[in-house]
Amino acid sequence: QIADMGFDIESKKISIAGEYAFSDNDLNLYSPLDDDDNFGDAAAVSGTLNIVKPFSINAGGRYISSTFATPGRIDPAEFNRNWNLSSSTDNVRDLIMQSGISTEADFGTASFQIGQRNLGDDKSQRASFTGDIHDEKWTSQISLNNAKSSLGDRLDGKLTIARSQETGLSLIQNS
């Protein structure tokens, strides 16, 4: 059994969102033994402040208890890899705190994020940058991700340059 509730508050300058969920997962339904680990909970909160156009700052965090049970996966593929952590995340507490700044203009966008994640006894710090520049004929996208954890340092990057559909498609990609 799982229950979930959330909220969204938005105005011109600020937006705040939150979510709380709890689960009751009894792996041994026919016995009262080991009932002390049936309850699990998770919470997430995020906010964005539009400081001066076109800049905004954002912050967020999430907590997932070690006994929280879901019917399926919560995180997208490659999520643990982006944090440079082991993919074995069963039955451990997960705490993430992140903040960043972003900007948007007619010709493109840019975003920089920093964060820390505690997954059980493992810790990771992460910095990431994403951006794109475009005009009528070309689109360029870049993403960089640097994560430092007990497994070591990991730097990933991707650059994509493409011509628009009107002039035919030309693609240069580097991962």
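The values are calculated or read from the model by the stated rules, or taken from the named source; none is laboratory data. Note that the structure is predicted; figures quoted are calculated from it, not measured. Reconstructed Cβ throughout: ideal geometry from the backbone, glycine too, with neighbour counts over all protein chains shown. Remember, those area values only see protein heavy atoms, side chains included, never the ligands or the DNA or RNA. Shrake-Rupley method; radii C 1.70, N 1.55, O 1.52, S 1.80 Å.
Flag set for Ser23, criterion: in contact (Cβ under 8 Å) with a residue 40 or more places away in the chain and either among the hydroxyl-bearing types (Ser, Thr, Tyr) or on the phi > 0 side of the Ramachandran plot (or both). In a residue-by-residue description of the stretch 54-73, the property of being of a type in the set (Val, Ile, Thr), within 30 Å of Gly152 (Cα to Cα) and without any contact (Cβ under 8 Å) to a residue 40 or more places away in the chain applies to at least one position.
Of all the residues in the stretch 67-100, those that are under 22 Å from Leu27 (Cβ atoms) and either assigned to a helix (DSSP H, G or I) or aromatic (Phe, Trp, Tyr) (or both) number 1.
Within the stretch 85-106, being of a type in the set (Gly, Ala, Ser), farther than 15 Å from Ser128 by Cβ and at pLDDT 85 or above holds for one residue alone: Ala105.
Conditions (1) closer than 23 Å to Ser128 by Cβ; (2) open to solvent by 70 Å² or more (accessible area, probe 1.4 Å), marked per residue:
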residue	(1), (2)
Glu19	yes, yes
Leu29	no, yes
Asn50	yes, no
Pro54	yes, no
Arg62	yes, no
Asp75	yes, no
Phe79	yes, no
Trp83	yes, no
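Among the residues of the stretch 109-121, just one is open to solvent by 60 Å² or more (accessible area, probe 1.4 Å) and over 16 Å from the mean Cα position of the chain (by Cα), namely Asp121.
Once the stretch 123-139 is narrowed to residues that are modelled with pLDDT under 90 and in a strand (DSSP E or B), the residue that is most open to solvent (accessible area, probe 1.4 Å) is Trp138.
Of everything in the stretch 1-13 that is part of a loop (DSSP other than H, G, I, E, B) and open to solvent by 90 Å² or more (accessible area, probe 1.4 Å), the residue that is nearest to Thr67 (Cα to Cα) is Gln1. Among the conditions (1) open to solvent by less than 80 Å² (accessible area, probe 1.4 Å); (2) in contact with a Leu (Cβ under 8 Å, 6 or more places away or on another chain); (3) touching a residue at least 24 places away in the same chain (Cβ under 8 Å), Leu151 misses just one, which is (1).
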